[in-house]
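The values are calculated or read from the model by the stated rules, or taken from the named source; none is laboratory data. Owing to the predicted nature of the structure, the values given are computational and were not obtained by experimental measurement. Please note: Cβ atoms are built from the backbone with ideal geometry, for glycine as well, and neighbour counts cover all protein chains shown.
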Amino acid sequence: MKRFSVTTSRPYDILVGENLLPQVGALLGEQLAPCKVSLITDSRVNGIYAQVVMTSLMENGFQVSKIVFPEGEHSKNITTYKNVLEALSEENLSRSDLIVALGGGVVGDLSGFAAATYLRGIRYIQVPTTYLAAVDSSVGGKTGINLLTGKNLAGAFWQPSMVICDYRTFDTLEDAERLNGAAEAIKSGMIMEANLIDHVLARDYEHVIGRCVSIKKSIVEADERDTGMRQLLNFGHTIGHSLEKLSAYKIPHGHAVARGMVVESRAAFRMGLTDFDASPFLTETLQTNGFDLRIPYSREELLKYALNDKKISGDNIAMVVPEVIGKCRLQKIPLSELGHFIECGLE
């Protein structure tokens, strides 16, 4: 087992290893006294992993209840969020109690937002069960839900008390879900560590998770509130989030980000924002590994949702521009040029 310590406004450890789910209660008990725990998960993960985690918690003195909602991005909405808050209240959780988010990015984001806002903030831990959540969304304290106009538009910064990642849970993932995580890991390689990409392609999960966690840890520690360099982690996300919304989330997050990285790289080169065109490398790498990179929407359709991007400040938007494989920078462009930027990125 590897341990990483994140030094943010609320410091916490990230534990990465094999067969950690049966140890969740013991690992948690090393840092927290027994208390009430509300385990939040989705309908798919509930049938696979919930019982082993609940048993581990109860064996270590925790009083456990469970909240389950339907799997999928469509559950990441204000109705599910409300239902979770009501359930927490019915269980009489107090500020000294705890939420355990067991699942992928949807479970983690929604549970974290509930933790941030219930009683104005209670503790929670992340137990990611997907590759995507392990390499990205479980770390860094971004929580939230989707609104009708776009993705992750309501939320809060709320750091977990611990992250416990058992990568044996990836054994039950379908190929499409593995690709979701691979895209985010390739993104981390693109912005900061080129040789990470080879490990992603080799499915060297332990190495990839460790390096992605280390990269994100260093960025989050430097910019916890996402006002500067943390925006590098959004490479491919301006277009990616638009694709998710336009497809009614039929294009999953990682697959959308993969397409977004290609479009944004091509656009940055064609607009003269960089001398390096990363799009041929990304296209070959992603297509060889099973990604569909087609963009079935027009410039106007993509622009509509891109204008809700959280990297917009005033009349500008910060785009992530590759300089070489393994190094990117932020480049502000006027919002009036965003439509042209998107057009330049489309084939």
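Kindly provide the set of residues from the stretch 258-301 that are within 22 Å of residue 333 (Cα to Cα), among the β-branched types (Val, Ile, Thr) and more than 21 Å from the chain's Cα centre (by Cα), ordered by number.
Result: 274, single match.
Give me the pairs, please: first residue somewhere in the stretch 156-185 and without any contact (Cβ under 8 Å) to a residue 60 or more places away in the chain, second residue anywhere and among the basic types (Lys, Arg), beta-carbon distance under 7 Å, and either six or more positions apart or on two chains.
170/178
Those residues that are part of a strand (DSSP E or B) and not basic (Lys, Arg), I need them from the stretch 114-140; list them, please.
Our first condition is that a residue be part of a strand (DSSP E or B); within the stretch 114-140, this holds for 123-128.
Within the stretch 114-140, 124, 125, 126, 127, 128 qualify.
Within the set of pairs 6 or more residues apart or between chains, which connect a residue that is in the same structural domain as residue 61 (by TED's automatic domain parsing) inside the stretch 83-112 to a residue that is among the charged types (D, E, K, R) and in a loop (DSSP other than H, G, I, E, B) with Cβ atoms less than 6 Å apart?
106/76; 110/76
So in the stretch 300-347, with the set limited to residues that are among the aliphatic types (A, V, I, L, M) and in a loop (DSSP other than H, G, I, E, B), which one is surrounded by the most Cβ atoms within 10 Å (Cβ to Cβ)? Full working, then the answer.
Just the residues of the stretch 300-347 that are among the aliphatic types (A, V, I, L, M), to begin with: 302-303, 306-307, 312, 317-321, 324-325, 330, 333, 335, 338, 342, 346.
Filter once more, keeping what is in a loop (DSSP other than H, G, I, E, B): 307, 325, 346.
Details: 307: 16, 325: 18, 346: 14.
This residue is 325.
For residues that are over 23 Å from residue 92 (Cβ atoms) and in contact with a helix residue (DSSP H, G or I) (Cβ under 7 Å, 6 or more places away or on another chain), tally how many sit in the stretch 27-44.
1
Report the residue count in the stretch 289-335 for those that are among the basic types (Lys, Arg) and either under 14 Å from residue 239 (Cα atoms) or not assigned by TED's automatic domain parsing to the domain that holds residue 189 (or both). Break it down stepwise before answering.
Keep residues of the stretch 289-335 that are among the basic types (Lys, Arg), which gives 294, 299, 304, 310-311, 327, 329, 332.
Filter once more, so that each one left must be either under 14 Å from residue 239 (Cα atoms) or not assigned by TED's automatic domain parsing to the domain that holds residue 189 (or both): 294, 299, 304, 310-311.
Of the residues in that region, 5 qualify.
Per-residue answers, yes or no, for (1) of a type outside the set (Lys, Arg); (2) under 13 Å from residue 345 (Cβ atoms); (3) assigned to a helix (DSSP H, G or I):
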position: 241; (1), (2), (3): yes, no, yes
position: 268; (1), (2), (3): yes, yes, yes
position: 282; (1), (2), (3): yes, yes, yes
position: 286; (1), (2), (3): yes, no, yes
position: 290; (1), (2), (3): yes, no, no
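Residue check, residue 194 against (1) modelled with pLDDT under 95; (2) surrounded by fewer than 18 Cβ atoms within 10 Å (Cβ to Cβ), all met but one. Which one?
(1)
Since residue 110 meets every condition but one in (1) modelled with pLDDT of 95 or more; (2) farther than 16 Å from residue 220 by Cβ; (3) surrounded by fewer than 19 Cβ atoms within 10 Å (Cβ to Cβ), which condition does it not meet?
Residue 110 satisfies every listed condition except (3).
Output the residues belonging to the stretch 45-60 that are surrounded by fewer than 17 Cβ atoms within 10 Å (Cβ to Cβ), closer than 23 Å to residue 174 by Cβ and of a type outside the set (A, V, I, L, M).
Listed by number, the residues that qualify are 47, 51.
Okay, residues lined up against (1) in contact with a helix residue (DSSP H, G or I) (Cβ under 8 Å, 6 or more places away or on another chain); (2) surrounded by 24 or more Cβ atoms within 10 Å (Cβ to Cβ); (3) among the charged types (D, E, K, R); (4) modelled with pLDDT under 95:
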| residue | (1), (2), (3), (4) |
| --- | --- |
| 220 | yes, no, no, no |
| 224 | yes, no, yes, no |
| 227 | no, no, no, yes |
| 236 | yes, yes, no, no |
| 240 | yes, yes, no, no |
| 243 | yes, yes, no, no |
| 253 | yes, yes, no, no |
| 264 | yes, yes, yes, no |
| 274 | yes, no, no, no |
